[in-house]
1. Do you know which residues across the range 50-106 are closer than 20 Å to Ser118 by Cβ, charged (D, E, K, R) and under 13 Å from the mean Cα position of the chain (by Cα)?
2. Can you work out which of the residues in the range 221-246 that are touching a helix residue (DSSP H, G or I) at 6+ places or on another chain (Cβ under 6 Å) and within 27 Å of Ala76 (Cβ to Cβ) is modelled with the lowest pLDDT?
3. Quick check on the range 126-152: of everything there that is more than 24 Å from the chain's Cα centre (by Cα) and part of a helix (DSSP H, G or I), which residue is modelled with the lowest pLDDT?
4. For the range 75-87, enumerate the residues that are part of a strand (DSSP E or B) and either of a type outside the set (Ser, Thr, Tyr) or surrounded by fewer than 17 Cβ atoms within 10 Å (Cβ to Cβ) (or both).
5. Could you grab the pairs with beta carbons closer than 9 Å, sequence gap of 6+ or different chains, first residue in the range 90-103 and within 14 Å of Phe63 (Cα to Cα), second one acidic (Asp, Glu)?
6. Residue under question is Ile20, and the condition is that it be at pLDDT 95 or above and not in a loop (DSSP other than H, G, I, E, B); does it hold?
7. Are any residues in the range 30-74 touching a strand residue (DSSP E or B) at 6+ places or on another chain (Cβ under 9 Å), part of a helix (DSSP H, G or I), farther than 13 Å from Asp246 by Cβ and modelled with pLDDT of 90 or more, and if so, which ones?
8. Within the range 111-125, identify whether any single residue is touching a Leu at 6+ places or on another chain (Cβ under 8 Å), in the same structural domain as Leu38 (by TED's automatic domain parsing) and either of a type outside the set (A, V, I, L, M) or at negative phi (or both), and answer yes or no.
Amino acid sequence: MHFRAEAATTLHTSSETRSIATDASSGCCCCSCCFSLLFGTIFGCVDPITTIVACLGGGRSVFTVPVGMKDKAAEAHSHFAVKGSDLLTLLRVYDAWADIRDVRSRRDFCRDHFLSDSALLAIATLRNQLLTCLVELKFLNPGNLRQRDAANRYASSARVLKAVTCAGLYPRVVKIKLPQRKYIETSAGAMEDLGKVEQTKYLLQGGERVYLHPGSVMVKEAPEANMNLFLIFYEKVETSKVYLRDATDISPVSALQLRCPSLRCCPAAVTTAMGTRSWTR
């Protein structure tokens with residue numbers, strides 16, 4: 001598959017994204033996710049981005065938690081966890097499942113790892129439909145192996161995948177507010193104490209506090225000095241609290257440069273795109 005450069009000139013309209021969302025009628029693909037598909041064809045990561053969009057549009061969780069087996073299921077699911085990213089975790093699950101060709105072996109794999117074979121099959125179906133839509137809209141050309149490799153030359157780059165996903169999910173952005181920095185004395189000298197996981201806050205642009213969904217891989221991740229301080233998310237779910245589902249940490253500068261092509265490496269421009277200056281500090 002190969003990206004047609006002339007198709008890029010149509011990205012400023014939404015007709016193509018509406019067409020993709022409409023054609024993939026069996027799924028629940030929103031137009032914003034379809035922007036990620038189009039950017040994926042441009043930036044050489046069409047296969048993994050299509051998988052991520054299909055996972056978001058599938059409507060069902062690939063993870064299962066049988067009654068009385070919560071701990072075993074959590075341990076099995078942890079083998080697929082990608083630090084800082086629910087979306088890349090879903091991608092890893094799908095790729096591991098798709099690499100197994102035998103139907104019975106796939107079912108055994110799902111049983112052993114507490115995964116839903118039917119949900120993964122639905123994702124595979126939607127994924128194929130989305131790729132077909134991209135071909136029909138001339139964003140991709142079916143071709144030989146060399147062309148397929150060119151369309152996925154950055155498929156293994158987590159930074160590119162996060163930025164391209166952000167291109168579709170923006171402005172669903174949350175700021176991560178770490179606890180106040182403290183320093184503790186150790187035998188090796190003063191060390192920075194970044195606080196506990198529970199002390200980390202997640203804030204929408206209006207200042208509303210939200211929480212990571214309990215199923216997120218980031219729930220138990222301790223704060224780090226060099227961690228990204230923004231998240232993108234797919235949806236909010238309100239129960240006793242407002243929870244974020246399918247979240248991924250992002251680098252605000254690189255992601256916003258992709259989402260807003262007119263921006264350059266200018267802190268003031270990034271601040272304007274992200275919202276108020278106080279929110280981005």
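1. Arg92
2. Going through the range 221-246, the residues touching a helix residue (DSSP H, G or I) at 6+ places or on another chain (Cβ under 6 Å) turn out to be 222, 230, 232, 234, 246.
Okay, now just the ones that are also within 27 Å of Ala76 (Cβ to Cβ), so 222, 232, 234, 246.
Numbers: Ala222: 66, Ile232: 91, Tyr234: 92, Asp246: 94.
Per the criteria, the residue is Ala222.
3. Top of the filtered list is Leu145.
4. So in the range 75-87, the residues part of a strand (DSSP E or B) come out as 82, 85.
Passing the criteria: only Val82.
5. Hits for this filter: Leu90/Asp246; Trp97/Asp117.
6. Working: at pLDDT 95 or above: no; not in a loop (DSSP other than H, G, I, E, B): yes.
No, not satisfied.
7. Of everything in the range 30-74, those that are touching a strand residue (DSSP E or B) at 6+ places or on another chain (Cβ under 9 Å), part of a helix (DSSP H, G or I), farther than 13 Å from Asp246 by Cβ and modelled with pLDDT of 90 or more turn out to be Val46, Ala73.
8. Of the residues in the range 111-125, the ones touching a Leu at 6+ places or on another chain (Cβ under 8 Å) are none.
Scanning the range 111-125, I find no residue that is touching a Leu at 6+ places or on another chain (Cβ under 8 Å), in the same structural domain as Leu38 (by TED's automatic domain parsing) and either of a type outside the set (A, V, I, L, M) or at negative phi (or both), so the answer is no.
The values are calculated or read from the model by the stated rules, or taken from the named source; none is laboratory data. If you're wondering where the values come from, they're calculated on a predicted model, not measured in any experiment. Because the Cβ atoms are built from the backbone with ideal geometry, glycine has one as well, and the counts that use them run over all protein chains shown.
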